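Note sheet for the following structure.
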Amino acid sequence: MKSRLLAKIAAVICAVCLAVGVMSQTVFAGDAERAGGAYHAELPQATFVVMGAEGEMNTPLPATDNRQSLPLYLGGAQVGACMMVNGEPYVGVEAFCRALGLSGQMQDNGMAVSLAVDGAVLYAQLGQAYFTCNDRYLYLENGAQTIDGAVALPVEDLVKCLGLTAYWDRAAWTLTVNGTVVTPMPSGENYYDESDVYWLSRLIYATVGERSLEDQVAVGSMCVNRVGNAAFPGQNNIYDVIFAKNQFEVVANGMIYVEPDAMSTLAAKLALEGCDLVNGASYMSVGDMGAGYQCVAQVDGLSFYNAA
């Protein structure tokens, strides 16, 4: 711990000493050109539609609903059932792909599942709060689960990875997947903006250090929520948000230039994928922000706010 602290202090001193010559420059040649430009990492389009008695809805399942399974249909025929986990339908990954008639390599040992089917390369492991598909990172609020000894993931995430559409009819209590032609999600190499990941991971690490993944994603979510937000004019990408005048202390004290750890980079990618653990908040504080702000989320001692 002592050596790590000394390394951080040295990095800050180095950053401050180089400030005159470096602060006006950027690590990526395109950053200056990106200032004021469009935010590159747009969130993926929804492919999971929840239907209620009065039409489309996106609210969680009521806590009073204790049904444990949900019939799964494909092409008009029932092909199995989903397991309900805290109001979220899960399905065995390998069984789901086989029902779709996908071809490729599939391996599931009950603790982890890996697939390489029709252009989609997926890996999920029990105990992890995320899984990967085509080198992209997707958050799992309820983690990976098991069904009949096989690893299961949320249907919503699976259809997003495979480029399919699913309709959950809450009134009829059925879930129907449309089509079997897979259009896998773009790879991480083509999806993540290098500059966004670079700066967001540094903001996360400088702000909360080596705290939990949830804490780190929460900070990343808060920053992403400012991008393109009318309350923060001119902040149309991660770099603009972080280096806006008088917004983040870690910029003023130079900690933004400390090399992040691997978890901070992971958290940055999860936040850029649209994982929002702070209910749309765009401010963070360790205490009460006072009048004019409303606390909308709390994560492990951190409070997140929006303007009232």
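A compact table of results
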item: Some residue of the stretch 140-148 being more than 19 Å from the chain's Cα centre (by Cα), in a strand (DSSP E or B) and within 17 Å of residue 61 (Cβ to Cβ); result: no
item: Test: residue 95 is assigned by TED's automatic domain parsing to the domain that holds residue 72 and not in a helix (DSSP H, G or I); result: no
item: Residue check, residue 70 over 22 Å from the mean Cα position of the chain (by Cα) and surrounded by 15 or more Cβ atoms within 10 Å (Cβ to Cβ); result: yes
item: Candidates 212, 221, filtered to the one that is surrounded by fewer than 16 Cβ atoms within 10 Å (Cβ to Cβ), of a type outside the set (A, V, I, L, M) and within 29 Å of residue 297 (Cβ to Cβ); result: 212
item: Lone qualifier among 305, 205 - being surrounded by 18 or more Cβ atoms within 10 Å (Cβ to Cβ), closer than 26 Å to residue 143 by Cα and without any contact (Cβ under 8 Å) to a residue 60 or more places away in the chain; result: 205
item: Strands (runs of 3 or more DSSP E) contained entirely in the stretch 195-308, each with at least 2 residues that are under 14 Å from the mean Cα position of the chain (by Cα); result: none
item: Verdict on residue 120 being closer than 30 Å to residue 261 by Cβ, surrounded by fewer than 23 Cβ atoms within 10 Å (Cβ to Cβ) and over 17 Å from the mean Cα position of the chain (by Cα); result: yes
item: Long-range neighbours under 6 Å by Cβ, at least six apart or interchain, first residue closer than 18 Å to residue 178 by Cβ within the stretch 94-111, second polar (S, T, N, Q); result: 100/180; 101/180
item: Residue match in the stretch 238-246 (condition: surrounded by fewer than 17 Cβ atoms within 10 Å (Cβ to Cβ) and small (Gly, Ala, Ser)); result: yes
item: So residue 228, is it among the small types (Gly, Ala, Ser) and more than 27 Å from residue 78 (Cα to Cα); result: yes
item: Residue check for residue 163: under 30 Å from residue 223 (Cβ atoms) and either buried (at least 17 other Cβ atoms within 10 Å of the Cβ) or not assigned by TED's automatic domain parsing to the domain that holds residue 270 (or both); result: yes
item: Residues of the stretch 212-241 satisfying the condition of being farther than 15 Å from residue 271 by Cα and of a type in the set (A, V, I, L, M); result: 230, 231
item: Residue check for residue 88: of a type in the set (Asp, Glu) and buried (at least 18 other Cβ atoms within 10 Å of the Cβ); result: yes
item: Per-region count, the stretch 149-165, residues assigned to a strand (DSSP E or B) and at pLDDT 95 or above; result: 5
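Residues are listed down the side, and each one gets a yes or a no for (1) assigned to a loop (DSSP other than H, G, I, E, B); (2) on the phi > 0 side of the Ramachandran plot; (3) modelled with pLDDT under 85; (4) touching a Lys or Arg at 6+ places or on another chain (Cβ under 9 Å):
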position	(1), (2), (3), (4)
6	no, no, yes, no
29	yes, no, yes, no
38	yes, no, yes, no
46	yes, no, yes, yes
49	no, no, no, no
81	no, no, no, no
106	no, no, no, yes
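The values are calculated or read from the model by the stated rules, or taken from the named source; none is laboratory data. Keep in mind that this is a model prediction, so the values were computed, not measured. Here the Cβ is made from the backbone with ideal geometry for all residues, glycine too, and neighbour counts use every protein chain on show.
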